[in-house]
Amino acid sequence: MNKQLQQIIHIPPNPPVSPTHQPTEKVYAALIEPKHANTIIRRLNQIAPLQNLQHLKRIQKKQLQGGKPELYVVLCLASENETKSNRMPPDVEDIVNSYHLTPFITEVNKYAALSKEEWEEQCKLWPTSYHPPTYNIPGITGFSEEDSKAVFNFMKSTVELAKSGDHLIVNAAMIVDPLVGQIIASACDEVCSWHTGTSKAKTETCDFKQLEGFTSHVDANITAKDITFLSNGSANNLQQCYKAVSCLNPWWFAQQSFHSSPCYCHPLRHASIVAIEASAARDRHLFPGFGHNEKSYGVDCNSSSSVSLAKRQRVDLENVKNSGEQDANTEGSNSLGRPYLCTGYDIYLIWEPCAMCAMALVHQRIRRIFYALPNPETGALGSVHRLQGEKSLNHHYAVFRVVMPELEFPVER
């Protein structure tokens, strides 16, 4: 495996815009001799500063085939109806005459780029400067080698979860506390679940107090019982395989008829939703005195979710365990402070989430979303919509696509 092919790509809140669709400004430019560049630029900065185009670089460098560079300089602004013969400032005309320049009118981008992708598009028109916005979310401006390794490892675990059970391919979600590098909850799609005559696990409950490290029994038949992943199959077989992925095909369950075994269908139980449910159940176990009177909480053992009693952000788990010996409603227990939902957590997904799942993750205050594969028809974080850039929302997470060639599923249609 070539590690250079592995990438973590930030999906910006707004899609990149082609320079032809961005507001532009007309300027005078000219080809200059490289040996005169410093003198000309210093003079132009004095007599014709680009006050409203501070993102614009004054020089454009082009490399000729022979290796000799060509330098073009922005002389000054030019308006729509002006001509290059009579509207340049006299001082600029003096420079033109002194160095025997041949001015021409060209267009440059009027506003600074808001994303790296937009900046790359702008530079195709004329070089500009790009200053990434200051974010409080790590990863926007790049990952360290250690953090990248952690991201790839968690994504590998998520992919293995998606392949669990007779090579069935489903969407999978894994909620992670990045501060301690531990999995908080994980889940697969549960839109359709099958029950066998001998299994009663669906109606049973597991008491968290009896399970130090709770891991539910994953039903290998949670989705598309008769659909098998064929790594070397035809395009039609592969396309049929992924019809069971909830975020890719939200209405797939309604188009099926199940005769071989009884089936339970719930259209909202996408992997992200089930993982959120498991994370909430974990919170109720760790903080039983916060808004709940029950002494224990039952969780469906037949669910494909698994809960790890990892440390919560800014919470010492040992203190939580010690406080469990005290009354849950005492002031000492409450002083620990229950964290708010999934604040500070990351979530790893195989497929880009749909709008429902993406909005649920907004409500949960997820910090970062990592997904491996795009969702070309219903994706809400880059492919069709960009919910992370919706200004009306009261929470915004950072979104990344994790490119790992050895883990790619052939989902292109």
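Any of K163/K391; K61/K116; K62/K110; K116/K163; K116/K391; K26/K116 with alpha carbons more than 27 Å apart? Name them for me.
K163/K391; K116/K163
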Task: Normalised contact order of segment 24-125, rounded percent, pairs of Cα under 8 Å and 6 or more residues apart - done: 43
- [ ] Hey, can you grab everything whose amide H is under 5 Å from the amide H of D189? Only 5+ residues off in sequence or another chain; H modelled, so Pro and N-termini drop out.
- [x] N171, A271
TODO: Keeping the other protein chains in place, figure out the carbon and sulfur percent of the accessible area of segment 24-125, with a 1.4 Å probe.
DONE: 46
Task: Amide H within-cut-off set for I11, under 5 Å, with H built and near neighbours excluded - done: V399, F400, R401
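Residue separation times 0.36 nm, minus the C-alpha to C-alpha distance between H131 and E70: what's the value?
19.3 nm
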Open item on the list: Kirkwood Rh over alpha-carbon pairs of segment 24-125, then Stokes-Einstein at 10 °C and 1.306 mPa s: what D in µm² s⁻¹, rounded to an integer?
Closed with: 110
Open item on the list: Using the Karplus curve 6.51 cos²θ - 1.76 cosθ + 1.60 with θ = phi - 60°, what ³J(HN,Hα) values do you get for each residue of segment 375-383, in whole Hz, with x for Gly and Pro?
Closed with: 10, x, 10, 10, x, 9, 10, x, 6
TODO: Please work out the Cα convex hull volume for segment 112-158 and give it in Å³ per residue.
DONE: 108
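The values are calculated or read from the model by the stated rules, or taken from the named source; none is laboratory data. The shown structure was predicted, so the numbers you read here are calculated from the model rather than taken from an experiment. Quick note on the areas: whole protein, heavy atoms, side chains included, nothing else; ligands and nucleic acids left out. Shrake-Rupley method; radii C 1.70, N 1.55, O 1.52, S 1.80 Å.
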